[in-house]
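Here's the structure we're looking at; comments come further down.
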Amino acid sequence: MRHIKVNRYENFSQTAAELMMNQVEKKPKSTLGLATGSTPKGMYEELVKHSADLSQAVTFNLDEYVGIASDHPQSYRSFMEENLFQHVRVGQTYIPDGEAADLAAECERYEQLIKKHGGIDMQVLGLGHNGHIGFNEPGTPFSSRTHVVDLAETTRKANARFFNSLEEVPEKAITMGTETIMEAEQIILLVYGEDKQEAVNRLLQGEVDEQFPASILHEHPNVTLLSGGVKVLN
Ligand code: F6R
């Protein structure tokens, strides 16, 4: 795992955006895996600032809530539209459909779509306090593919800041599976802020354990951990 450490959030976001812009420059028809949440917001801002040309790229988001409409202000579709898609030229954008009548069929369709587009060239990930990647919560088998998850209570609480109350936070989501994520050619793991200190240090201890989903990334040949605003062990 390559590790890039930066201090300020601005540098962090610029570095992340550069990694993505380099990828698209090298391969305009890249398939990009995208994350939502607080951490990558600055990266999206930088991509917008630089009018990144993603017009030939195809994007696949990691996850989407189940049970809220795609135009709900807190859906991940809305997040992506507001933070990136409405502001740059981007080819096709895919996000799991959390409103699908048959959720299992939707998960399978998503897997097939990723395959049809030749797999993911560069996957951006954030890190949950409990080590989740996508919404693969602790205990999720490393062999999981795109599936429906019950969100951990800690994850719902962490995300409640975006909703009016904890009750409004959906209880389920669709997420790419750990194995789906591991098939990406390259992975960029974004970790910013003191509140991620414990999680990133646990990751850096190196033990691979399904109780800490991000630990599987040690077995991937091309991962860049970009960390900032956090004291790390090594
Ligand atoms: C978001 C996602 C999650 C987040 C993680 C960190 O699409 O899949 O795994 O990346 O919960 O979230 P933030 O960046 O808000 O701390």
Rg to Rh, two decimals, where the chain supplies the alpha carbon set and Rh follows Kirkwood: 0.93
For region 130-210: rounded, prolate or oblate by the Cα gyration tensor [a/c cutoff 1.5]: oblate
Antiparallel bridges, percent of DSSP beta bridges restricted to the chain (to nearest 5): 25 percent
Neighbourhood net charge (9 Å Cβ-Cβ; Lys/Arg +1, Asp/Glu -1) for ARG145: -3
Convex hull volume of region 172-232 per residue (C-alpha atoms, cubic angstrom): 100 Å³
Mean Cα-pair separation over length for region 117-221, i.e. relative contact order, pairs under 8 Å, 6 or more apart, %: 41 percent
For region 56-138, convex hull of alpha carbons as volume per residue, Å³: 116 Å³
Percent accessible area from carbon and sulfur atoms, region 144-234, protein chains only, probe 1.4 Å: 44 percent
Accessible surface, per residue, of region 109-234 when the full set of protein chains is kept, probe 1.4 Å, Å²: 43 Å²
Region 133-172: relative contact order as a whole-number percent, Cα under 8 Å and 6+ apart: 37 percent
By accessible area with a 1.4 Å probe, ligands and nucleic acids excluded, highest first: order of MET182, MET43: MET182, MET43
Cut-off under 5 Å, modelled amide H: who pairs with TYR94 long-range: THR59, PHE60, ASN61
Selection from GLN23, ASN61, SER51 lying farthest towards where the dipole of region 1-72 points positive, charges on Cβ: GLN23
Helix-derived mean residue ellipticity, 222 nm - over the chain, DSSP H n ≥ 4, -39500 (n - 2.57), to 500: -8500 deg cm²/dmol
Sequence of LEU113, LEU103 from largest to smallest accessible area, 1.4 Å probe: LEU103, LEU113
In Å², nearest 10: area of SER215 left accessible to a 1.4 Å probe: 0 Å²
Student exercise, region 175-234 dipole from Lys, Arg, Asp, Glu Cβ charges, in Debye to nearest 20: 300 debye
Region 1-138, accessible surface, carbon-and-sulfur percent (1.4 angstrom probe): 47 percent
Mean separation of Cα contacts under 8 Å, 6 or more apart, over the residue count of the chain: relative contact order %: 26 percent
Given charges at beta-carbon only (K, R positive; D, E negative), |dipole| of the chain in Debye: 780 debye
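The values are calculated or read from the model by the stated rules, or taken from the named source; none is laboratory data. No experiment lies behind these values; they were computed from the predicted model shown. In this analysis, Cβ positions are derived from the backbone assuming ideal geometry, glycine residues included, and neighbour counts consider all displayed protein chains. The area values use the complete protein model at the heavy-atom level, side chains included, leaving out ligands, DNA and RNA. Shrake-Rupley method; radii C 1.70, N 1.55, O 1.52, S 1.80 Å.
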